[in-house]
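Nothing in this text is a laboratory measurement; each read-out follows from the coordinates by a stated rule. Not measured: the values here are computed from a predicted model. FYI the Cβ positions are ideal-geometry reconstructions off the backbone, even for glycines, and counts take in every protein chain you see.
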Amino acid sequence: MLPDFRVRQRDILLEIARAITQELDLPRLLDQILRYAVEMLGGKAGIIALCDPAGRGGGDRRAWHVAASFGLKPAFLRVLEPLLADLPAAGDPQTVVLPALNDRLRQITRIASLGLLTGLGLPMVAHDQAVGVVFVFREPEGGFSANERGLLQSFADQAAIAVSNARAFSQVTEEKRRLDAILDGSAEGIAILGPDNHIHRFNRALQRLSGIAQESAAGRPHDQVLRFAAVTTGTTLHQAEAGGWPLSDQATLYVEGTLIRGDGSLLPVGVSYAPVFAPDRTLQNTVVSVRDLSRFREAEELKSTFISIISHELKTPVALIKGYASTLRRDDAAWDPPTVADGLAVIEEEADRLAGLIEDLLDASRLQAGGLQLHMGEVQLASLASRLVDRFSKQAPQHTFQIDFPPEFPPVTGDEERLAQVLSNLISNAVKYSPPGTAISIRGRVDPAQVVVTVSDQGPGISPEDLPHVFDRFYRAVDAARRTKGAGLGLFLARAVVQAHNGRIWADSRPGEGTSISFGLPRADSPHPLTDPS
Ligand code: ATP
Ligand code: MG
């Protein structure tokens, strides 16, 4: 062997050593190793076959497969693959895997070269696991010398290390990608803190919850980003740490309160903290998960409002009915006919009110359960309004009613009974909230795409603070609640019905100047439907 060839061999070994420490892309690394091996041994061609670790690759992917080839035709590679396929993938490398491998390689050499080439194959063993084989074909000039075998083996060893490094690296990268996907895909807000409580990771859900961008949260102290306006349950991370938290990795912490979001708005949240310890028992990270509790709070509030409405609004008529009924049926008293008639009138009125309230509550829960059934037809709002006014003038003779609809008021497509409910809720509010002797007007207006109906009264009006909420479920202005009966459902249901008709409803009112509530519905005869039914 020539001295300059020795120099080249040394250079190649050095280059490979460098590649192994720097190159983490497995296919590129294997290509380099194979090229050098073929060059160094004066070969014609070569392959590196790898064995996938058990359980990886999955499906019908073969355990042994050609991972790099040099100087071989694709057709030959196709013959080769099945010959490798049934080699044992697991077992002791020295007694099971390697003898089987050597056998197979001798076979492969015979087939591949038709006797023209000889082959040298060496196992790549890392951490006692056969990860693959480097195989070089060359002309049979007396076989490979012991020195060449030694060289190829040192190659194979290095290649084995490189393969397991690259695999470890790609496993870590894959794990990281998976973790990132889990973090970012999670609906729960998650942050990961370093030992100094600075934010390392901040997922997308937490960005949405907190209103603070991921980029601006990263690197900042926890207390600056997750700020509480009030704590309702538990202790904050700060307080807990002052008390020595966490003592073990079981030491989770939960705090509930209102979070101050990036734009200053408030959000009720539940936050849990879980510590992650390093093997030397020092605190490495804290995993913070933040859950939005606003739905939960809303439901709780609604439940308590509901209970107070039920207890107040349902109990009152029941008590009146019961009181009048038991008074009238007393055996020891004889009531004159007018007294009996008055009592029965109260009973009837209160029973009606009770039935109405139950109907409203049922409608509200029907709405929540997913929608209102509409029975659509052609509705003439002008005649509907005059029918309702007839009814209300009898019930509320102290008020005067005015109806003002232009002639040939166009029809709308809708559910007549539901629209009557809307209009009577508006008229009953006008009657209920405005003083006797004042006028209530119901006016109709025709626009190109919609018709608008407005109910106006000369009552006390609605304060600007209450105005945005009058359509909310169970909402009643304090003053109204003190002086009148009601569940705060009338306008909520009216809005739901109007919106189900693709219309909208709004209130105009100023304290002392009366109230006008209007709703607009798309015209049945219009070619332009309403675009914004909000
Ligand atoms: P319900 O209609 O369920 O019997 P309610 O009349 O209190 O009860 P809504 O009709 O939804 O409920 O009205 C909500 C609130 O809006 C009322 O409590 C009242 O404060 C205010 N409001 C509605 N209409 C008028 C009006 N015409 N004048 C003054 N305030 C009104
Ligand atoms: Mg009402």
Stretched out fully, how many nm does the piece from Ala333 to Glu215 gain, at 0.36 nm a residue minus the Cα gap?
-> 34.3 nm
Full-stretch length increase - Glu348, Ser294 - with 0.36 nm per residue and alpha-carbon distance subtracted | 15.3 nm
Under 5 Å between amide H atoms, partner at least 5 residues away or on a different chain: which partners does Gly459 have, H built in plane at 1.01 Å?
-> Gly514, Thr515
The chain shape via C-alpha gyration tensor axes, a/c threshold 1.5 = prolate
Amide hydrogen neighbours beyond the local backbone of Thr438, cut-off 5 Å, H modeled = Thr400
Count of lysine pairs in the chain with Cα separation under 22 Å (8 or more residues apart, or interchain) = 9
If you plug each phi of segment 357-365 into the Karplus form 6.51 cos²θ - 1.76 cosθ + 1.60 with θ = phi - 60°, what whole-Hz ³J(HN,Hα) values come out, in order, with x for Gly and Pro?
-> 5, 4, 4, 5, 5, 5, 4, 4, 6
Could you give me the ³J(HN,Hα) list for segment 510-518, computed from phi with Karplus coefficients 6.51, -1.76, 1.60 and θ = phi - 60°, whole Hz, x at Gly and Pro?
-> 9, x, x, 10, x, 10, 10, 10, 10
From the Cα centre of segment 349-420 to that of segment 252-291, the distance in Å is 51 Å
Note on segment 301-369: alpha-carbon gyration tensor, axes a ≥ b ≥ c; rule is a/c under 1.5 for rounded, else prolate if a/b larger than b/c, else oblate; result prolate
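Quick one: longest stretch of the chain between exposed loop GluC sites (Glu not before Pro), exposed meaning at most 10 other C-beta atoms within 10 Å and loop per DSSP?
Working: sites that count: Glu141, Glu408, Glu465.
Here the longest run is 142-407.
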Hz values of 3J(HN,Hα) by residue in segment 342-352 - Karplus curve (6.51, -1.76, 1.60), Gly and Pro given as x = 4, x, 5, 4, 4, 4, 5, 4, 5, 5, 4
Report the trypsin sites (Lys or Arg not before Pro) located in segment 324-392 that are in a DSSP loop and have at most 16 other Cβ atoms inside 10 Å of their Cβ, or state none.
-> Arg329, Arg330
Could you tell me which of rounded, prolate or oblate describes segment 188-292, using a ≥ b ≥ c as the square roots of the eigenvalues of the alpha-carbon gyration tensor, with rounded for a/c under 1.5 and, failing that, prolate when a/b is larger than b/c and oblate otherwise?
-> oblate
Farthest toward the dipole's positive end in the chain, which of Ser456, Ala45, Ser265, given Cβ charges of +1 (Lys, Arg) and -1 (Asp, Glu) about the Cα centre?
-> Ala45
Counting other beta carbons within 10 Å of each Cβ, put His222, His375 in order, fewest first.
-> His375, His222
Estimated inter-spin distance, Ala507 and Arg78, nm [label 7 Å along Cα→Cβ] | 7.9 nm
Helix 74-85 axis, angle to the chain major axis (alpha carbon atoms, nearest 10°) | 80 degrees
Tell me, Ser516, Ser308 in order of fewest to most beta-carbon neighbours within 10 Å?
-> Ser308, Ser516
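How big is the charge dipole of segment 377-522 about its Cα centre, in debye rounded to the nearest 20, if each Lys and Arg gets +1 on its Cβ and each Asp and Glu gets -1 on its Cβ?
My answer is approximately 480 debye.
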Answer in debye to the nearest 20: the dipole magnitude of segment 188-292 about its Cα centre, from +1 Lys/Arg and -1 Asp/Glu charges placed on Cβ, is 200 debye
In degrees, nearest ten, helix 26-40 long axis to first principal axis of the chain (Cα) = 10 degrees
If one takes the longest principal axis of the Cα atoms in the chain, at what angle in degrees, from 0 to 90 and to the nearest 10, does the Cα axis of helix 490-500 lie?
-> 60 degrees
Estimated dipole of segment 306-383 in Debye, rounded to 20 [Cβ of Lys and Arg +1, of Asp and Glu -1, Cα centre] = 300 debye
